[in-house]
Amino acid sequence: MAEMTETQVRELVEKLKQSKANILAELRKVIIGQEQVVDEVLISFFAGAHCLITGVPGLDKTLLIKSIGEILDLQFRRIQFTPDLMPSDIAGTEVLEEDKSTHERVLRFKPGPLFGNIILADEINRTPPKTQAALLEAMQEHQVTVAGTTYKLTEPFFVLATQNPIEQEGTYALPQIQQDRFMFSTIIGHLPKADEVKVIEQTTRAETAKLSRVMSGVELLHYQRIVREVPVVEPIVRYAVRLATASRPADKTAPDFIRDYVSWGASCRASIYLILASKARAVLDGRFHVSVKDIQAVAMPVLRHRIVTNFRAESARIKSEDLIKRLLEHVKPPASGLG
């Protein structure tokens, strides 16, 4: 990417900030409340990463993701994960077809629902590990391999997976290696009563809101490249690394509460995502630099699913979120001038 002048940077950042405001304005036509969830999903989009959303049924997870796809003019595909779903059901398969002109039978690849821009993997914990693993290559490499042939997926490509925390009988816990592929683990909860009243008033009307397109997929890819150009000073990078390493019980910098309650700490990918998510958050906030507050703001969704608590923590009802809060207090940030 060519070096930009200070004026160009300022104009670009302002344009991105306005784009976020326009997206939120459109979303508010159909989504009430859930500001934290919306912010985290948008950050993951502009960072070009995937998001895992956990919440009980009936909280408009599907509506939120589908609406974002409509606003960004992206192709939305929903996959309902079930115990009998096979890898070929999502990636695609080869079918035998007859050529009408030559009457020869040839194998043709029939793409599965993974060939879209926004993939909603609904209730991903209800399908066996074999099918869960089929997402790994798609999420990491943006491609699938069927019968020895590799097919590139459509860009931009996002996987937003949902998990239902209730009715765990017959489910398959998402392996840690699969969870680590998601930049964010987002929790969606019930709305306050006042917001729930607004939802009822909005959803029981005869007319439905019309969403306008704010951005195209090509523009989004351009903005993703710009996000990666955001500079981060070394002390901020070191702060992100210290947060991740302090969560590992075997590391000498780990505090006693980590050694007592954690089986496995955050991976190196956590440090990468702390910085990448902070870059996206800064740009969407109208800044072309990352601050300590950006790191602290994204620490919870980045680390929540990467810190694995042990039996001692479970017996004491201590969750990873509790440990992350203590980590943010324990690991001292760099000089206040970077905040």
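When you scan segment 66-81, do you find a residue that is of a type outside the set (A, V, I, L, M, F, W, C), farther than 21 Å from Val41 by Cβ and at pLDDT below 90, even just one? For segment 66-81, residues of a type outside the set (A, V, I, L, M, F, W, C), farther than 21 Å from Val41 by Cβ and at pLDDT below 90: absent.
Taking every residue in segment 117-145 that is under 14 Å from Gln178 (Cα atoms) and pairing it with any residue that is of a type in the set (D, E, K, R) and modelled with pLDDT of 85 or more, at least 6 positions away or on another chain, the pairs with Cβ-Cβ distances below 6 Å are Met139/Arg181. Is segment 227-234 home to any residue that is of a type outside the set (A, V, I, L, M, F, W, C), crowded, with 17+ Cβ neighbours inside 10 Å and outside the structural domain of Asn125 (by TED's automatic domain parsing)? Within segment 227-234 (the criterion being of a type outside the set (A, V, I, L, M, F, W, C), crowded, with 17+ Cβ neighbours inside 10 Å and outside the structural domain of Asn125 (by TED's automatic domain parsing)), the answer is no, since none of the residues qualifies.
Restricting the search to strands (runs of 3 or more DSSP E) fully inside segment 118-228 and requiring at least 3 residues that are farther than 30 Å from Lys319 by Cβ gives 143-146, 149-152. Contact map, segment 68-81: residues that are outside the structural domain of Leu160 (by TED's automatic domain parsing) paired with residues that are surrounded by fewer than 19 Cβ atoms within 10 Å (Cβ to Cβ) and of a type outside the set (Lys, Arg), Cβ distance under 9 Å, separation 6+ or inter-chain. No pairs are found. Tell me whether segment 125-133 contains one or more residues that are in the same structural domain as Pro87 (by TED's automatic domain parsing), surrounded by fewer than 20 Cβ atoms within 10 Å (Cβ to Cβ), under 23 Å from Ile23 (Cα atoms) and not acidic (Asp, Glu). No, the conditions are met nowhere in segment 125-133. Against the test of being closer than 17 Å to Trp264 by Cα and under 25 Å from the mean Cα position of the chain (by Cα), the options Ala299, Ala313 yield a single qualifying residue, Ala299. Of all residues in segment 193-204, those that are under 14 Å from Val30 (Cβ atoms) have Cβ atoms under 6 Å from Cβ atoms of residues that are surrounded by 12 or more Cβ atoms within 10 Å (Cβ to Cβ), 6 or more apart or on another chain, in Asp195/Ile32; Asp195/Gly33; Lys198/Ile32; Val199/Ile32. Take residues that are among the acidic types (Asp, Glu) and tell me which of the strands (runs of 3 or more DSSP E) falling wholly in segment 1-109 contain 2 or more. Fully inside segment 1-109 and qualifying: 92-98.
The values are calculated or read from the model by the stated rules, or taken from the named source; none is laboratory data. Owing to the predicted nature of the structure, the values given are computational and were not obtained by experimental measurement. Using ideal geometry, Cβ is built from the backbone for each residue, glycine included, and neighbour counts are taken over all protein chains shown.
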